[in-house]
Amino acid sequence: MKILVATEKAFAPVAIKLIREVTEAAGHELALLENYKNVSELHSAVTDSDAMIVRSDLVTPEVLDAAKKLKIVVRAGAGYDNLDLPACTAHKVVAMNTPGQNSNAVAELAFEMMLFQARGGFSGKSGTELRGKTLGIHAIGNVGKYVAEIAKGFGMDVYAYDPFVTDDVIKASGVKVCKNPEELYSKCQYVSLHIPANDKTKKSIGYGLMKKMPKDAVLVNTARKEVIDEDGLLKVFEERPDFKYLSDVEPDCKAVFEEKYKNRFLFTMKKMGAQTEEANINAGVAAARQIVDYFKTGNEKFRVNK
Ligand code: 3PG
């Protein structure tokens, strides 16, 4: 089978080496389309592929139309909002993700951003510390658990809200339970977002929640920009000079921040959360193994479409 790695944001070379080893040891052929600039390159590359590994690359009906032989696509990562699942199903393509494989990298980035901001962007000015501050984890899944672990190391007072995780499980990780998002945002100076982007969560973090945050609030978004209601965010920024926003990926309203709110935001140019050698190896190799296993045994454990 021909397995295509199609990544607009390339994996570390060491991850590609290992992906190649896994696929070739199973008798498959590996093809690479890395750092592509135009979706037409993806359309051409995928025409004769039986399987595809992607990251945040959009798998649209047009890509699937071009991929005449495609049987399986694996999103090497957690969030699969970039895969058009009904279109995958309509094209008889199995869609999978690799949950948990890049979680530590994302959690570390949340702290890297918090620390950079707390120390005034390493400007030399006097900053603040994380110890003793309240941190709210909005959704305590794979990434949220690592965030809790690191936060405790920093001596933070850690809370979480997650309707899909029982109170006992949250408490067992040494984290205090909040009954609803309002309680989490009211209690916590820092809030770290770990919700997926879907029809229920898009634009769900808005003015009502943000304005509840205590003085010197810092909202940290290593999830997806789409979960933020940017009108609400701008309203809070206008009203509260103490409010800061750190986001892995620029919001659509970046120009307003640059013009009006210098030193109160931090945006990465490209999504950086999972951009470590370790995360690339974990997620990339997991994706390759899932494809090899699917072709060998039909294992659909990580399938996300019906
Ligand atoms: C994920 O959902 O796994 C992360 O957001 C990583 O995305 P990336 O592979 O595009 O860096």
Practice item. Return the inverse of the average 1/r over all pairs of distinct C-alpha atoms in segment 96-230, which is the Kirkwood hydrodynamic radius, in Å to one decimal. Key: 15.1 Å
Exercise for review: Could you run the Debye sum over the Cα atoms of segment 195-236, one equal point scatterer each and no solvent, and tell me log10 of I(q)/I(0) at q = 0.13, 0.14, 0.27 Å⁻¹, two decimals?
Suggested key: -0.25, -0.29, -0.98
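At 1.4 Å probe size, put 134, 166, 89 in order of accessible surface, largest to smallest. Before the final figure, lay out the partial values.
Values: 134 30, 166 85, 89 60 Å².
Output order, biggest surface exposure first: 166, 89, 134.
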Point to revise | Virtual spin-label span in nm between residue 12 and residue 182, 7 Å along Cα→Cβ | key: 4.5 nm
Point to revise | Volume of the Cα convex hull of segment 214-287, divided per residue and given in Å³ | key: 112 Å³
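Would you rank 245, 207 by solvent-accessible area, highest first, keeping every protein chain in place and using a 1.4 Å probe? Display every interim value, and only then the final one.
Details: 245 0, 207 55 Å².
In descending accessible area the options line up as 207, 245.
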Check your understanding: In the full protein assembly as shown, how much of residue 9 is accessible to a 1.4 Å probe, in Å² to the nearest 10?
Key -> 30 Å²
Practice item. Using only Cα atoms, find the angle between the long axis of helix 230-239 and the longest principal axis of the chain, and express it within 0 to 90 degrees, rounded to the nearest 10. Key: 20 degrees
Practice item. Taking the Cα centre of the chain as origin, sum charge times position over the Cβ atoms of Lys and Arg (+1) and Asp and Glu (-1), and report the length of that vector in debye to the nearest 20. Key: 460 debye
Review point. Once the whole set of protein chains is in place, how much accessible area is left on residue 126, using a 1.4 Å probe, in Å² to the nearest 10?
Key: 120 Å²
Study note, to complete from the structure: Hull surface over four for the Cα convex hull of segment 1-85, reported in nm², is 5.1 nm²
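List the GluC sites (Glu not before Pro) in segment 54-144 that DSSP assigns to loop (not H, G, I, E or B) and whose Cβ has at most 14 other Cβ atoms within 10 Å. Which are they?
On the way: sites: 62, 108, 112, 129; in loops: 129.
Counting only loop positions with at most 14 other Cβ atoms within 10 Å, the GluC sites (Glu not before Pro) in segment 54-144 are 129.
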Review point. Taking a quarter of the surface of the convex hull around the Cα atoms of the chain, what do you get in nm²?
Key: 16.3 nm²
Review point. Running Debye on segment 165-277 with equal point scatterers at the Cα sites and no solvent, what base-10 log of I(q)/I(0) appears at q = 0.21 Å⁻¹?
Key: -1.23
Exercise for review: With +1 on each Lys and Arg Cβ and -1 on each Asp and Glu Cβ, and nothing else charged, work out how big the dipole of segment 210-256 is about its Cα centre, in Debye to the nearest 20.
Suggested key: 200 debye
**Study point:** FRET E, pair residue 81, residue 260, Förster distance 41 Å, beta-carbon r, rounded to 0.05
**Key:** 0.90
Review point. Helix 13-25 sits at what angle to the longest principal axis of the chain, using alpha carbons and giving 0 to 90 degrees rounded to 10?
Key: 40 degrees
Exercise for review: Determine the dipole magnitude for segment 106-195: charges of +1 sit on the beta-carbon of Lys and Arg, -1 on that of Asp and Glu, nothing else is charged, the reference point is the Cα centre, and the result goes in debye to the nearest 20.
Suggested key: 280 debye
Practice item. Identify, among 132, 236, 91, the residue whose Cα sits farthest towards the positive end of the charge dipole of the chain, taking +1 on the Cβ of Lys and Arg and -1 on the Cβ of Asp and Glu, with the dipole about the Cα centre. Key: 132
Study note, to complete from the structure: For residue 152, the aspartates and glutamates lying under 17 Å Cα to Cα, once residues fewer than eight places off in the same chain are dropped, come out as 108, 112, 129
Exercise for review: Could you state how much accessible area residue 165 has, in square angstrom rounded to the nearest 10, with a 1.4 Å probe and all protein chains kept in place?
Suggested key: 30 Å²
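If the convex hull of the alpha-carbon atoms of segment 30-169 is projected onto planes in all directions, what is the mean projected area in square nanometres?
Values: hull surface 46.2 nm².
The number I arrive at for segment 30-169 is 11.5 nm².
Taking a 1.4 Å probe, which of 2, 262 shows the most accessible area, and what order do the others take after it?
On the way: 2 40, 262 130 Å².
Sorted by accessible area, descending: 262, 2.
The values are calculated or read from the model by the stated rules, or taken from the named source; none is laboratory data. A quick note: this is a predicted structure, and the numbers were derived from the prediction, not measured. For neighbour counting, all protein chains shown are included, and Cβ atoms are generated from backbone atoms with ideal geometry for every residue, glycine included. The protein model used for the area step is the full one, side chains on, heavy atoms only, and it has no ligands, DNA or RNA in it. Shrake-Rupley method; radii C 1.70, N 1.55, O 1.52, S 1.80 Å.
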